[in-house]
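Novice: One structure, pasted below without further comment.
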């Protein structure tokens, strides 16, 4: 059985975490953090969100290559990456919206 939710398929949990951690790393590499977006939203929100999208696309591409080579764990890899992509995107959207709604003192000078 290639994928089981009941714990009978050894390796699925590890593959899920690898998919999630990989997606988080791909997005983090491409941009700063939700906190930075919130603090500096007035100046950086559009470019930060662009790089969040680039990071998610990069993550999707690399997870796609991974599942091409490791079909046995493809479902947990996909689910882990998808879960982390949704969570990360939501964090950045929240940071952007909160920063635009109620900007605090920025940490950067222009």
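Novice: Among the residues of segment 53-66 satisfying the criterion of being within 10 Å of the chain's Cα centre (by Cα) and surrounded by 21 or more Cβ atoms within 10 Å (Cβ to Cβ), which is farthest from residue 83 (Cα to Cα)?
Specialist: Here the answer is 55.
Novice: Here is a follow-up. Please state which one of 43, 72, 50 is in contact (Cβ under 8 Å) with a residue 60 or more places away in the chain, surrounded by fewer than 18 Cβ atoms within 10 Å (Cβ to Cβ) and closer than 27 Å to residue 109 by Cα.
Specialist: Testing whether each residue is in contact (Cβ under 8 Å) with a residue 60 or more places away in the chain, surrounded by fewer than 18 Cβ atoms within 10 Å (Cβ to Cβ) and closer than 27 Å to residue 109 by Cα leaves just 43.
Novice: Where residues in segment 96-110 are modelled with pLDDT of 90 or more and surrounded by 14 or more Cβ atoms within 10 Å (Cβ to Cβ), which of them is nearest to residue 40 (Cα to Cα)?
Specialist: Here the answer is 99.
Novice: Let me ask something additional. Can you name the residue in segment 12-40 that is assigned to a loop (DSSP other than H, G, I, E, B) and modelled with pLDDT of 75 or more and is also surrounded by the most Cβ atoms within 10 Å (Cβ to Cβ) among such residues? Quick ask: steps written out before the conclusion?
Specialist: First, pick out the residues of segment 12-40 that are assigned to a loop (DSSP other than H, G, I, E, B): 31-33, 40.
Now narrow it down to the ones that are modelled with pLDDT of 75 or more: 33, 40.
Values: 33: 13, 40: 20.
Across segment 12-40, the extreme among qualifying residues is 40.
The values are calculated or read from the model by the stated rules, or taken from the named source; none is laboratory data. Keep in mind it's a predicted model, so treat the numbers as computed, not measured. No Cβ is skipped: glycine too gets one built from the backbone with ideal geometry, and neighbour counts run over all protein chains shown.
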